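Here is the structure we will look at.
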Amino acid sequence: MVEFKRFTFNNGLKLIVHQDNTTPLIAVNVLYDIGARDEDPDRTGFAHLFEHLMFEGSVNVSEYDSQLQFAGGENNAFTTNDITNYYLTIPKQNIETALWLESDRMLELAFSQEKLDIQKNVVSEEYRQSYLNQPYGDVWALLRSLVYKVHPYQWPTIGKSIDHVTNATLDQVKEFFFKYYRPNNAILVLAGDIEPERAFELVNKWFGDIPSGSENKRKLPVEPGQSDPRRQVVERDVPFNEIYVAFPTGKRLEQDFYTSDLLTDILAGGSSARLMENLVKKRKIFSEANAWITGSIDKGFLAIMGKLHNNQSMKLAEELIWEEINGLKHNLVPENELQKVKNKLEASNTFAKAGILSKAMNLAYYELLGDADILNSQNEKYFSVQPSHLQNAANEIFTLSKSSVLEYHSGSKK
Amino acid sequence: MYQKPDRIQAPDLKTIESVNYIVPEKNTLINGIPVFMQKGGSQDIIKFEIVFKSGSYQQQKTLQAFATANLLSSGTVSKRSEEINQLWDFFGATLQVDAQKDIISVGFVSLAKHLEPLLNIFFEILTMPVFPDDELEIFLKNRKQKFLVNKRKVQYLARVHFAELLFGPDHPYGKVLQENDFDNLERVDLVAYHEEYLHSGNAVCFIAGNYPENIIEQVNKIAEKFTWKKVPPKVVKSFSLQSTKTSENKIVKDQALQSAIRIGKPIINRNHPDFHLLSVTNTLLGGYFGSRLMRNIRQDKGFTYGINSAIVNLLRGAYFFIGSQIGKHVKEQAVEEVYKELKILRMQPAADSEILMLKNYLTGSFLRSFDGPFMQNERLKEILLFNQDYSWFDSYLEILKKFNAEDICRTAEKYLREDSMIELTVG
């Protein structure tokens, strides 16, 4: 049980405090309710580029990182399709420095053309390093654009193309900041050796006078139900073929999330899972296989992947994946096998509560979903799933007409 | 009462004076294995690990240590791999195997309530593995595929070939994995490595987390059911360093969009009295986000997503390296900047503000690196491997308090001269 206190300030900022006296550190997590899904289709990659700019100085502090390092802190951040999340840990004695820095960059950034240009280059190199110059680096982008035709989940956080990032202007950056980086669009979490009342006082001091922004009502296009199978075949300079089969699933907060998560664990959650046992070990068609759900706030998708051995055909690989899928549709998962994946999730949910940083991030994310306390009820959600639920979900999710297949062929010369 | 913040002036900082070590409780298991226990943590989680004091350095054939360690769970005298995998998964744990150059670690993290059944299977796979032929075949085939994908990555090529340049192609630290290495390993090689090295006489056990009071009793009750077959190890060849004489080396990959660079040299390890200062100097140069290399090459010039430097501590030879992936069109400029920074490091004393920032950052990092029983356990393993004790950390904290800009210049002059570096570019 992760206990916490919640406060809401007049400017709309939400604060969650979790006291943990076993550590000399405090974790600070600032979640902004803005992700790649909120981007203009012609200006993708913006949320992530902006994440970089948040480290380039604010109105009263020229160097965020130096000041934090001065106080013995360490930080990082990430952007997803749903959120942008900033986090740090700092010796508890210096917590005010962290609040000073985080509040100042929420107050206002020190916008500069020069810094924008440099970070455009950095992000372009990141794009090359993580996506273009990596074998199979474009798989996620391809899958997204195959599964989503309307919803902005169709592009990855890095953006559709480098051009979108390099074309960003300083005016767009400013507009974005004042629209999304406001206290009413943020959730602040403090986890560590601090009294909740003391945390409230300090946060009120540093964040209390930051003006709130206008309310952002999301009006994202809804992805229409898929009625025909989709397929994309690409050829790349990679050594082996890979196959991906994807299906639309539900939203993060629906019960469907837990059943589909368990389905992917039955398929691939550990060395004894079905894809590993049957397709990697027995049939020896794949060198590796996996299955996962995206778990996004809006409707996500479930994907199954296999890395083919050289002498194996794509057609057979797809058939064998469907054989596994049909097993889930036609037969109940044995109780013992279901208990296995539940136990695994119970363990990983407990491991997630072991450190202050992980707790801080999770509390922030669940608060965004509606209530930080959801963190404490995850096990029950998984435990309540029965074999019949899994079979129903399998029949619901795994239909040919809703499938998207990505054939990733090796085009290299042997 | 509302207190208006002063946003211009940074809040006062407090210095961190000391770190609380979770001093391990030491004992010996019934099978003679020394055990170190560190209690703590807010959840009922236990980490159980056995570290064997040999790795790929001791192997007779490439991949021998790696395959032996990874196939421990592929079948025992009484259980097939499917059954073993089922057990791990059922109790929500994953067997973690880490086969390194100097050590092999085998362990798991579990909920306290599942410890007993997991210990049973853990000791069984360690003492009675059979290494079935078909499992070895599948393992090698799948790993070969992974290897062939890695070979397409410039950063992978830079890493392995840089070690080759530093240690020589025949040295166990420098030997580069080849495709046909996956075709030459046999079951007997695994059996031999297991009998010679993966046994109680060569092992140390670590337990960390919220373990019960009677943990030793609990472990012994299980451990006593299993005995190790051990044979004396063959004499391990000693290897001499055959570091290359050429300073600039290139592997060309025409289609790469970025080049991976490595610049570095063999260097003193953790047991040398200058090591703490070298470590501090390395951090200033490239060991944190605010380092010289990051500020210059990423934050001022935008040439790369990241550049860093590090000291790799191996038992029989440490090395230093600077590494990055850089856009091809700016690679020359970036490398020039790296050498410039190395020169500045030894020639120009750092400003007081930079020294103070480094001291505070490193003290905070030190505190973080001891946060909780699992981090504490990592630190303990490091000192034990190098035959050190907690005074090593105390002396590090002392150095952090004392060092000044001249110390950095002197250390850089002694160990990190730009003309002493070996350079490798891939891409």
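The values are calculated or read from the model by the stated rules, or taken from the named source; none is laboratory data. Given the structure is predicted, the values throughout are model-derived calculations rather than measurements. Glycine gets a Cβ as well: all are built from the backbone with ideal geometry, and neighbour counts include every protein chain shown. What goes into the accessible areas is simple: the full protein's heavy atoms, side chains included, and nothing from ligands, DNA or RNA. Shrake-Rupley method; radii C 1.70, N 1.55, O 1.52, S 1.80 Å.
Against the condition within 14 Å of chain A (Cβ to nearest Cβ) and β-branched (Val, Ile, Thr), how does B:Ile215 come out, does it pass?
In short, no.
Can you pull out every residue in region B:46-85 that is polar (S, T, N, Q), open to solvent by 30 Å² or more (accessible area, probe 1.4 Å) and under 19 Å from A:Val280 (Cβ atoms)?
B:Asn70
Would you call B:Leu148 assigned to a helix (DSSP H, G or I) and in contact (Cβ under 8 Å) with a residue 12 or more places away in the chain?
Values: assigned to a helix (DSSP H, G or I): yes; in contact (Cβ under 8 Å) with a residue 12 or more places away in the chain: yes.
It is true that B:Leu148 is assigned to a helix (DSSP H, G or I) and in contact (Cβ under 8 Å) with a residue 12 or more places away in the chain.
Here is a list of conditions, (1) within 30 Å of A:Lys359 (Cα to Cα); (2) among the polar types (S, T, N, Q); (3) open to solvent by less than 10 Å² (accessible area, probe 1.4 Å), and B:Gln43 meets all of them except one; can you say which number that is?
(3)
Being assigned to a helix (DSSP H, G or I), in contact (Cβ under 8 Å) with a residue 12 or more places away in the chain and open to solvent by less than 10 Å² (accessible area, probe 1.4 Å) is the requirement here; does A:Leu357 meet it?
no
Could you tell me which residue of region B:8-39 is most open to solvent (accessible area, probe 1.4 Å), considering only residues that are of a type outside the set (D, E, K, R) and within 7 Å of chain A (Cβ to nearest Cβ)?
Step one: list which residues in region B:8-39 are of a type outside the set (D, E, K, R), which gives B:8-11, B:13, B:15-16, B:18-24, B:27-38.
Next cut, within 7 Å of chain A (Cβ to nearest Cβ) only: B:8, B:10-11, B:13, B:16.
Working: B:Ile8: 122, B:Ala10: 37, B:Pro11: 24, B:Leu13: 73, B:Ile16: 24 Å².
Among them, the one singled out is B:Ile8.
Looking at the structure I just gave you, is A:Glu380 more than 24 Å from A:Lys149 (Cβ to Cβ), open to solvent by 10 Å² or more (accessible area, probe 1.4 Å) and in a helix (DSSP H, G or I)?
Answer is yes for this residue.
Based on what the data block shows, is A:Gly269 open to solvent by 10 Å² or more (accessible area, probe 1.4 Å), under 26 Å from the mean Cα position of the chain (by Cα) and at the interface with another protein chain (Cβ under 10 Å from one of its Cβ atoms)? Write out each step before concluding.
Values: open to solvent by 10 Å² or more (accessible area, probe 1.4 Å): yes; under 26 Å from the mean Cα position of the chain (by Cα): yes; at the interface with another protein chain (Cβ under 10 Å from one of its Cβ atoms): yes.
Criteria met by A:Gly269.
Considering only region A:91-129, how many residues are within 7 Å of another protein chain (Cβ to nearest Cβ) and within 30 Å of B:Glu17 (Cβ to Cβ)?
Of the residues in that region, 7 qualify.
Strands (runs of 3 or more DSSP E) wholly in region B:201-274 with at least 3 residues that are within 30 Å of B:Lys153 (Cβ to Cβ) - which ones?
B:248-251, B:258-267
For residues that are in a strand (DSSP E or B) and under 13 Å from A:Tyr258 (Cα atoms), scanning just region A:287-300, find the one that is least open to solvent (accessible area, probe 1.4 Å).
By that ranking, first place goes to A:Ile293.
Which of (1) over 21 Å from the mean Cα position of the chain (by Cα); (2) open to solvent by 10 Å² or more (accessible area, probe 1.4 Å); (3) within 20 Å of A:Ala352 (Cα to Cα); (4) at pLDDT 95 or above does A:Asn21 not meet, given it meets every other one?
The single condition A:Asn21 does not satisfy is (4).
Go through (1) within 13 Å of chain A (Cβ to nearest Cβ); (2) more than 20 Å from B:Phe393 (Cα to Cα) one by one and return the number of the condition B:Leu293 breaks.
With (1) within 13 Å of chain A (Cβ to nearest Cβ); (2) more than 20 Å from B:Phe393 (Cα to Cα) applied to B:Leu293, the lone miss is (1).
Looking at region A:27-56 only, could you name the residues that are within 11 Å of chain B (Cβ to nearest Cβ) and either of a type in the set (S, T, N, Q) or not in a helix (DSSP H, G or I) (or both)?
The answer is A:Ala27, A:Phe55, A:Glu56.
Select from region B:146-180 the residues that are over 22 Å from B:Ile103 (Cα atoms), open to solvent by 10 Å² or more (accessible area, probe 1.4 Å) and within 14 Å of chain A (Cβ to nearest Cβ) and list them in ascending order.
Of everything in region B:146-180, those that are over 22 Å from B:Ile103 (Cα atoms), open to solvent by 10 Å² or more (accessible area, probe 1.4 Å) and within 14 Å of chain A (Cβ to nearest Cβ) turn out to be B:Lys146, B:Leu148, B:Val149, B:Asn150, B:Lys151, B:Arg152, B:Lys153, B:Gln155, B:Leu157, B:Glu179.
Name every residue in region A:151-182 that is aromatic (Phe, Trp, Tyr) and either assigned to a loop (DSSP other than H, G, I, E, B) or open to solvent by less than 40 Å² (accessible area, probe 1.4 Å) (or both), in order of residue number.
Once the filter is applied, which keeps residues that are aromatic (Phe, Trp, Tyr) and either assigned to a loop (DSSP other than H, G, I, E, B) or open to solvent by less than 40 Å² (accessible area, probe 1.4 Å) (or both), region A:151-182 yields A:Tyr153, A:Trp155, A:Phe176, A:Phe177, A:Tyr180, A:Tyr181.
If you scan region A:138-150, which residues turn out to be open to solvent by less than 20 Å² (accessible area, probe 1.4 Å) and within 14 Å of chain B (Cβ to nearest Cβ)?
Of everything in region A:138-150, just one residue is open to solvent by less than 20 Å² (accessible area, probe 1.4 Å) and within 14 Å of chain B (Cβ to nearest Cβ), namely A:Val139.
If you scan region A:303-316, which residues turn out to be open to solvent by less than 10 Å² (accessible area, probe 1.4 Å) and touching an Asp or Glu at 6+ places or on another chain (Cβ under 9 Å)?
A:Ile304, A:Gly306, A:Leu308, listed by residue number.
For A:Gly300, only one of the following conditions fails: (1) among the small types (Gly, Ala, Ser); (2) farther than 18 Å from A:Lys149 by Cβ; (3) at pLDDT 95 or above. What is its number?
It fails just one condition, (2).
Any idea which of B:Gln43, B:Gln58 is more than 10 Å from chain A (Cβ to nearest Cβ) and farther than 30 Å from A:Arg105 by Cβ?
Selected residue: B:Gln58, the only one of B:Gln43, B:Gln58 that is more than 10 Å from chain A (Cβ to nearest Cβ) and farther than 30 Å from A:Arg105 by Cβ.
Just to be sure I understand, how many residues within region B:332-370 are open to solvent by 40 Å² or more (accessible area, probe 1.4 Å) and within 8 Å of chain A (Cβ to nearest Cβ)? Show your work before the answer.
Start the filter on region B:332-370 by keeping residues that are open to solvent by 40 Å² or more (accessible area, probe 1.4 Å), which leaves B:332-333, B:336, B:339-340, B:343-344, B:347-349, B:351-353, B:356.
Narrowing further to those that are within 8 Å of chain A (Cβ to nearest Cβ): B:356.
Of the residues in that region, 1 qualify.
Here's the yes/no breakdown for (1) part of a strand (DSSP E or B); (2) open to solvent by 10 Å² or more (accessible area, probe 1.4 Å); (3) touching a His at 6+ places or on another chain (Cβ under 9 Å):
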| residue | (1), (2), (3) |
| --- | --- |
| A:Asn60 | no, yes, no |
| A:Asp65 | no, yes, no |
| A:Leu68 | no, no, no |
| A:Asn81 | no, yes, no |
| A:Tyr86 | yes, no, no |
| A:Asn94 | no, no, no |
| A:Ala98 | no, no, no |
| A:Glu102 | no, no, no |
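For B:Pro117, work out the one condition from (1) more than 10 Å from chain A (Cβ to nearest Cβ); (2) free of Cβ contacts under 8 Å to residues at least 60 places away in the same chain; (3) surrounded by 23 or more Cβ atoms within 10 Å (Cβ to Cβ) it doesn't fulfil.
The failed condition is (3).
So how many residues does region A:1-26 have that are touching a Phe, Trp or Tyr at 6+ places or on another chain (Cβ under 6 Å) and not in a strand (DSSP E or B)?
Within region A:1-26, residues that are touching a Phe, Trp or Tyr at 6+ places or on another chain (Cβ under 6 Å) and not in a strand (DSSP E or B) number 1.
Return a yes/no flag: does region A:234-257 have any residue that is open to solvent by less than 10 Å² (accessible area, probe 1.4 Å), out of contact with any strand residue (DSSP E or B) (no Cβ under 7 Å at 6 or more places or on another chain) and in a helix (DSSP H, G or I).
Among the residues of region A:234-257, not one is open to solvent by less than 10 Å² (accessible area, probe 1.4 Å), out of contact with any strand residue (DSSP E or B) (no Cβ under 7 Å at 6 or more places or on another chain) and in a helix (DSSP H, G or I), which makes the answer no.
Filter region B:275-296 down to residues that are touching a residue at least 12 places away in the same chain (Cβ under 8 Å), closer than 14 Å to B:Ser324 by Cβ and part of a helix (DSSP H, G or I) and give me whichever is nearest to the chain's Cα centre (by Cα).
So, considering only residues that are touching a residue at least 12 places away in the same chain (Cβ under 8 Å), closer than 14 Å to B:Ser324 by Cβ and part of a helix (DSSP H, G or I), the one nearest to the chain's Cα centre (by Cα) is B:Gly287.
Could you go through region B:305-316 and let me know if any residue there is open to solvent by less than 30 Å² (accessible area, probe 1.4 Å), modelled with pLDDT under 95 and polar (S, T, N, Q).
no
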